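Input: a single structure, listed below in structure tokens.
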Amino acid sequence: MWHLFIQKLGDGTLLSHSGVTLFETVLGFIIGTLLGTILASLLWWSPRLSKTLDPYLVILNAMPKVALGPIIIVAFGPGFPSIISMGAIISIIITTIVVYTAFREVDPNYLKVLQTFGATKTQAFREAILPSSFPTIISTLKVNVGLSWVGVIVGEFLVSAKGLGYLIIYGFQVFNFTLVMLALMIIAVFATIMYQLVELLERKLIKD
Amino acid sequence: MSFLKIQDIHHTYFSNQTAATALADISLDIEKGEFVSFLGPSGCGKTTLLSIIAGLFPPTSGKILLENKPLKANSDLSIGYMLQQDYLFPWKTIEENILLGLKLIKKDEGLERIKTLKLLSDVGLGDTGKLYPRELSGGMRQRAALARTLAVDPKILLLDEPFSALDYQTKLKLEDLVFETLKSFGKTAVLVTHDIGEAIAMSDRIFLFSANPGSVYKTFKVPDELRELTPFHARNHPQYPMLFQTIWKELESLEY
Ligand SMILES: Nc1ncnc2c1ncn2[C@@H]1O[C@H](COP(=O)(O)OP(=O)(O)OP(=O)(O)O)[C@@H](O)[C@H]1O
Ligand SMILES: [Mg+2]
């Protein structure tokens, strides 16, 4: 495997495949978490919206998102956008649900304090709702690291053009299991690094 | 004309199935600079009334006038509300916490800022500005909450059992501090408490509430001799146990 690693590193294919996958995963991860949090904020903002969307969220959450893969590829074409969407879509709904729950569980007395100071809804969100939900948002980040790897690798299986997911499928088809193992190792290393980065962020943001 | 006028307040909480009348027919007047207490058994609607005065939600019927104007027209932060726990924001420093009210109206710079930091030393927390709430004791946190409430210079202070989570000694000290701070700023205040002694020691007048539905059962005037003393000294005055006995008997009669 080490031999293969040196060889693939030498001809540049490893670097380009890893780069592609890493890029897709990071982007999928950021988009998924961001959209999930934004959606949660909208739900908090508008009780009417949350009432309407609630049943759909439950259904979408229960559904295996990777099953949407073929539809996404039809919609966005077989390339980056589809794979990134896969990486994002897998974490959006669960992020929305978890973060929205955290928003609603903020101690209403903090809101009372703000309300007596005449705070607007935006101010209440910025001063109390969002900061007191940071711990929850960070823990969804940790979950989403893993999820977006799943989404992206499955996306690459389906699109099958580039990336570590492609290397796995390809290695499997030509019975080159060393290549499969190599790709898996690289994924493990990158996923661990991403997780560590999230933990670093956690220590920076949450002081107590 | 009274400073704060509470007129025919009724309040009913509605849920899906039930309606619970928390307040019935409450009318009372509070003068400028006066310190009054709401005393009464648990569940008689004290917090509900205070929340309505604070404008947190409207009453089912009735109205509240501050300086002859409905509360809504007094939008310039006329009310300061202090709760049983400090509810300092744990992710903000003490300084950021007490500047919160001013920050929301974008006045947390310059002179206002200096005034507020002065307030922090007035409550004996001069050197804690950069600390986080968790680094302070319960009593210190409640003092910081007082400074936060006073920072926006409210016309009236509403205190919902602000001392009940503290140990006895801290509570006595804080009573004196709040009493003296409010007197020196000439603030009007309403205190909700379960503690007869605290009500006598701090107030000019005491409203005794009865439950089901919450209404004013009796009003007591605290004698001038006690009113002039700080809470701590008032507790040691010969008049104190007499009033205590009177109120105690009334409370007893309410509970059966
Ligand atoms: N949000 C609410 N929804 C429904 N009922 C409520 C609500 N808040 C209070 N109540 C009811 O209204 C009544 C008065 O409650 P309130 O909290 O004002 O009493 P309180 O005098 O402050 O009691 P305590 O001394 O225990 O703090 C109680 O019977 C309570 O169950
Ligand atoms: Mg109460």
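Structure notes:
- Elements of type strands (runs of 3 or more DSSP E) contained in segment B:160-227, each with 1 or more residues being over 19 Å from B:C44 (Cβ atoms) and of a type outside the set (S, T, N, Q): B:188-193, B:215-221
- Test: residue in segment B:209-229 that is open to solvent by less than 10 Å² (accessible area, probe 1.4 Å), out of contact with any strand residue (DSSP E or B) (no Cβ under 7 Å at 6 or more places or on another chain) and under 27 Å from B:L117 (Cβ atoms): no
- If you go through segment B:190-225 and keep only what is under 14 Å from the mean Cα position of the chain (by Cα) and not small (G, A, S), you end up with B:V190, B:L191, B:V192, B:T193, B:H194, B:D195, B:E198, B:M202, B:D204, B:R205, B:I206, B:F207.
- Restricting segment B:177-194 to residues that are crowded, with 17+ Cβ neighbours inside 10 Å and of a type outside the set (A, V, I, L, M), the residue that is modelled with the lowest pLDDT is B:T181.
- Those residues of segment B:166-204 which are over 20 Å from B:I247 (Cα atoms) and of a type in the set (A, V, I, L, M, F, W, C), in sequence order: B:L166, B:L172, B:L174, B:L177, B:V178, B:F179, B:L182, B:F185, B:A189
- Selected residue [open to solvent by less than 20 Å² (accessible area, probe 1.4 Å), within 13 Å of ligand 2 (Cβ to nearest atom) and of a type in the set (S, T, N, Q)] from B:S42, B:S51: B:S51
- Filtering segment A:185-208 to residues that are surrounded by fewer than 16 Cβ atoms within 10 Å (Cβ to Cβ) and over 19 Å from A:S139 (Cβ atoms) leaves A:M185, A:A188, A:V189.
- Any chance B:Y87 is in contact with a helix residue (DSSP H, G or I) (Cβ under 7 Å, 6 or more places away or on another chain), at positive phi and buried (at least 17 other Cβ atoms within 10 Å of the Cβ): yes
- Among the residues making up segment B:229-256, those that are of a type in the set (V, I, T) and in a helix (DSSP H, G or I) are B:T246, B:I247.
- If you go through segment B:156-182 and keep only what is charged (D, E, K, R) and away from ligand 1 (no atom under 16 Å from the Cβ), you end up with B:D167, B:K171, B:K173, B:E175, B:D176, B:E180.
- Among residues of segment B:18-58 being within 12 Å of ligand 1 (Cβ to nearest atom) and within 18 Å of B:M202 (Cα to Cα), the one that is nearest to the other protein chains (Cβ to nearest Cβ) is B:L50.
- In segment B:1-120, counting only helices (runs of 4 or more DSSP H) that sit wholly within it, the ones holding 2 or more residues that are closer than 29 Å to B:L254 by Cβ span B:46-53.
The values are calculated or read from the model by the stated rules, or taken from the named source; none is laboratory data. Predicted model only: the values in this text are computed from it and were never measured. A quick note on method: Cβ atoms are made from the backbone with ideal geometry, for glycine too, and the neighbour counts reach across all protein chains shown. Side chains included, ligands, DNA and RNA excluded: accessible areas come from the protein's heavy atoms. Shrake-Rupley method; radii C 1.70, N 1.55, O 1.52, S 1.80 Å.
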